[in-house]
Amino acid sequence: MPPLAGAELIRTPVQLYRYLLRCCKLLPSTAMQQHYRHAVRQSFNSHADEEDRERVQLIIQRAIVDADWILEKYTKK
């Protein structure tokens, strides 16, 4: 189950970036939000020159799975 509705519609790196920043807002503390926002920005910048479409789709899929795992880990009740 994806952390936010619409995860299955993500096709471009910009869509992924916005989606991950929205996921960061769901984290419980401001420090965690800042940490993961910074990590998202760093990863986005480091993969900005990626041109292989298959590789980009793999990165997108993995990022969504990772975001789901992080949200489940920190937002359990």
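Only one of these is free of Cβ contacts under 8 Å to residues at least 12 places away in the same chain and assigned to a loop (DSSP other than H, G, I, E, B): 66, 49. Name it. Give the derivation first.
On the way: 66 fails: assigned to a loop (DSSP other than H, G, I, E, B).
Only one candidate passes the filter, namely 49.
Does residue 42 satisfy the criteria of being of a type outside the set (A, V, I, L, M), loosely packed, with under 11 Cβ neighbours inside 10 Å and within 12 Å of the chain's Cα centre (by Cα)? If you could, list the steps in order and put the result at the bottom.
Working: of a type outside the set (A, V, I, L, M): yes; loosely packed, with under 11 Cβ neighbours inside 10 Å: yes; within 12 Å of the chain's Cα centre (by Cα): yes.
Yes: the conditions hold for residue 42.
Would you check which residues across the stretch 22-35 are open to solvent by 50 Å² or more (accessible area, probe 1.4 Å) and either outside any helix (DSSP H, G or I) or within 20 Å of residue 6 (Cα to Cα) (or both) and list them?
22, 25, 26, 28, listed by residue number.
Does at least one position in the stretch 1-18 carry a residue that is assigned to a loop (DSSP other than H, G, I, E, B), in contact (Cβ under 8 Å) with a residue 60 or more places away in the chain and among the hydrophobic types (A, V, I, L, M, F, W, C)? Outline the logic, then answer.
So in the stretch 1-18, the residues assigned to a loop (DSSP other than H, G, I, E, B) come out as 1-6, 10-12.
Narrowing the set further to residues that are in contact (Cβ under 8 Å) with a residue 60 or more places away in the chain leaves 1-3.
Applying the additional criterion that residues be among the hydrophobic types (A, V, I, L, M, F, W, C) yields 1.
Scanning the stretch 1-18, I find at least one residue that is assigned to a loop (DSSP other than H, G, I, E, B), in contact (Cβ under 8 Å) with a residue 60 or more places away in the chain and among the hydrophobic types (A, V, I, L, M, F, W, C), so the answer is yes.
Of everything in the stretch 45-63, what is farther than 19 Å from residue 8 by Cα and either aromatic (Phe, Trp, Tyr) or surrounded by 14 or more Cβ atoms within 10 Å (Cβ to Cβ) (or both)? Give them in sequence order.
Within the stretch 45-63, 47 is the sole residue that qualifies.
The values are calculated or read from the model by the stated rules, or taken from the named source; none is laboratory data. Every value quoted in this text rests on a predicted model; they were computed, and no experiment measured them. All Cβ positions, glycine included, derive from the backbone under ideal geometry; neighbour counts span all protein chains shown. Accessible surface areas use protein heavy atoms only, side chains included; no ligands, DNA or RNA. Shrake-Rupley method; radii C 1.70, N 1.55, O 1.52, S 1.80 Å.
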